[in-house]
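A short write-up of the structure that comes next.
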Amino acid sequence: MKKSLGRHLIAEFYDCEPEFLDDVHSVEQNMKNAAIEAGATVVGSSFHRFLPYGVSGVVIISESHLTIHTWPEYGYAAIDLFTCGEEADPWRAFDYLKKAFSARRTHVVEHKRGDYTMIGIPVNSPHKAVKGGVVSV
């Protein structure tokens with residue numbers, strides 16, 4: 001298995017409940033809850049509601065970020081879940097959000113970010129990926 005600094009899920013949520021995607025406060029709270037569910041540490045967030053509808057936002061976590069852009073009129077949300085280190089699991093955030101937005105269909109692709117080989121970090125390196133970067137152990 002390739003070692004990497006992080007995992008990045010690019011997710012498409014289809015057939016969601018439109019009202020769940022158009023309430024900026026609810027979307028923000030669900031994204032923060034997803035980060036906590038993933039085992040991440042929330043350090044900040046910024047969300048905006050567009051007129052006549054739609055929400056965009058980001059939750060900054062010590063381990064990277066979670067972002068969303070919604071199209072309530074289509075029941076669709078585009079979601080990125082990027083976590084670094086071993087502690088946070090973006091798949092737990094994905095499962096939480098799928099339920100929170102009542103997505104009936106999803107499509108998701110996982111990308112490994114910061115491949116050790118490409119960076120030049122030896123696979124057997126005494127370095128361990130942690131929140132906010134790489135530190136010697």
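Every number here is computed from the coordinates shown, using simple stated rules; none is lab data. None of the values given here were measured: they were computed from a predicted structure. Positions of Cβ are backbone-derived with ideal geometry, glycine not excepted, and every protein chain shown enters the neighbour counts.
Summary table
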item: Crossing angle, helix 24-37 versus the chain [Cα axis fit, 0-90 degrees, rounded to tens]; result: 30
item: For 27, 108, 123, order by how many other beta-carbon atoms lie within 10 Å, fewest first; result: 123, 108, 27
item: For the chain, the fraction of alpha-carbon pairs in successive 5 Å shells from zero, as %; result: 2, 11, 21, 21, 17, 11, 8, 5, 3, 1, 0
item: Angle between the chain longest axis and helix 90-100 axis [Cα atoms, degrees, rounded to 10]; result: 10
item: Estimated distance in nm for a label pair at residue 26 and residue 104, the labels positioned 7 Å out from Cα along Cα-to-Cβ; result: 1.7
item: Cα-based Lys pair tally, the chain, threshold under 25 Å, eight or more apart or on separate chains; result: 14
item: Extension gain (nm, one decimal) between residue 67 and residue 51, 0.36 nm per residue minus Cα-Cα; result: 3.8 nm
item: Exposure proxy order (Cβ contacts within 10 Å, fewest to most) of 71, 91; result: 91, 71
item: Directionally averaged projected area (convex hull, Cα atoms, the stretch 1-77), nm²; result: 5.7
item: Contour minus Cα-Cα distance for residue 43 and residue 112 (0.36 nm per residue); result: 22.5 nm
item: Summed side-chain charge close to residue 22 - residues other than residue 22 whose Cβ falls under 10 Å, Lys, Arg +1, Asp, Glu -1; result: -3
